[in-house]
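The values are calculated or read from the model by the stated rules, or taken from the named source; none is laboratory data. Since the model is a prediction, treat every value here as computed from it, not as a measurement. As a convention, Cβ positions derive from the backbone with ideal geometry for all residues, glycine included, and neighbour counts pool all protein chains shown. Protein only, heavy atoms only, side chains kept; ligands, DNA and RNA dropped before computing areas. Shrake-Rupley method; radii C 1.70, N 1.55, O 1.52, S 1.80 Å.
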Amino acid sequence: VQLQASGGGLVQAGGSLRLSCAASGRTLSTYAVGWFRQAPGKEREFVATITSTGSSTYYADSVKGRFTISRDSAKSTVHLQMNSLKPEDTAVYYCAARRLDYIATRSLEYPYWGQGTLVTVSS
């Protein structure tokens with residue numbers, strides 16, 4: 001499955017952005033989806049994940065309470081609502097998908113990846 005991440009941009013600290021992840025030519029309804037990010041000079045890190053039904057979600061401690069992952073009613077798109085953004089949230093954000101439908105936080109557990117969208121938070 002080919003994934004497309006969108007919604008990145010430049011925002012001031014304290015602001016919000018909403019990222020979206022969609023699959024080309026098919027629905028994401030049968031895939032668990034995760035968001036990861038990679039800041040310059042750093043390793044890719046887990047941000048959030050949601051199961052295919054949307055019944056379970058899990059967040060990295062660094063974003064808990066500020067970010068919300070969700071699926072639309074048709075489960076064709078997964079969103080990452082990012083509030084109270086901080087400069088340290090600056091990174092390229094990637095969405096990834098997997099068929100095995102349980103919570104997974106390691107990038108190697110996701111075989112399908114999008115191209116990434118850049119989020120820049122200014123202080």
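Are any residues in the range 84-106 within 19 Å of ILE50 (Cα to Cα) and either open to solvent by 50 Å² or more (accessible area, probe 1.4 Å) or touching a helix residue (DSSP H, G or I) at 6+ places or on another chain (Cβ under 9 Å) (or both), and if so, which ones? Can you show your working first?
In the first step, residues of the range 84-106 are kept if they are within 19 Å of ILE50 (Cα to Cα); the result is 93-106.
Result: TYR94, ALA96, ARG98, ARG99, LEU100, ASP101, TYR102, ILE103, THR105, ARG106.
Need at least 1 residues that are over 14 Å from the mean Cα position of the chain (by Cα) per element, so show me which strands (runs of 3 or more DSSP E) inside the range 16-123 make the cut, counting only ones lying wholly within it.
The strands (runs of 3 or more DSSP E) meeting that bar are 117-122.
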* Structure fact -> Checked the range 30-76 for anything at pLDDT 95 or above, open to solvent by 50 Å² or more (accessible area, probe 1.4 Å) and of a type in the set (Val, Ile, Thr); matches are THR57, THR68
* Asked: List pairs: first in the range 47-67 and basic (Lys, Arg), second in a loop (DSSP other than H, G, I, E, B), Cβ under 8 Å, 6+ apart or cross-chain?
  -> ARG66/ASN83; ARG66/SER84; ARG66/LEU85
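Would you please name the residue that is nearest to LYS75 (Cα to Cα), looking only at residues in the range 13-27 that are open to solvent by less than 70 Å² (accessible area, probe 1.4 Å) and modelled with pLDDT under 90? Let's see the steps before the verdict.
The initial filter retains those residues of the range 13-27 that are open to solvent by less than 70 Å² (accessible area, probe 1.4 Å), namely 13-17, 19-24, 27.
This time we only want the ones that are modelled with pLDDT under 90, so: 24, 27.
Working: SER24: 14, THR27: 7 Å.
By that ranking, first place goes to THR27.
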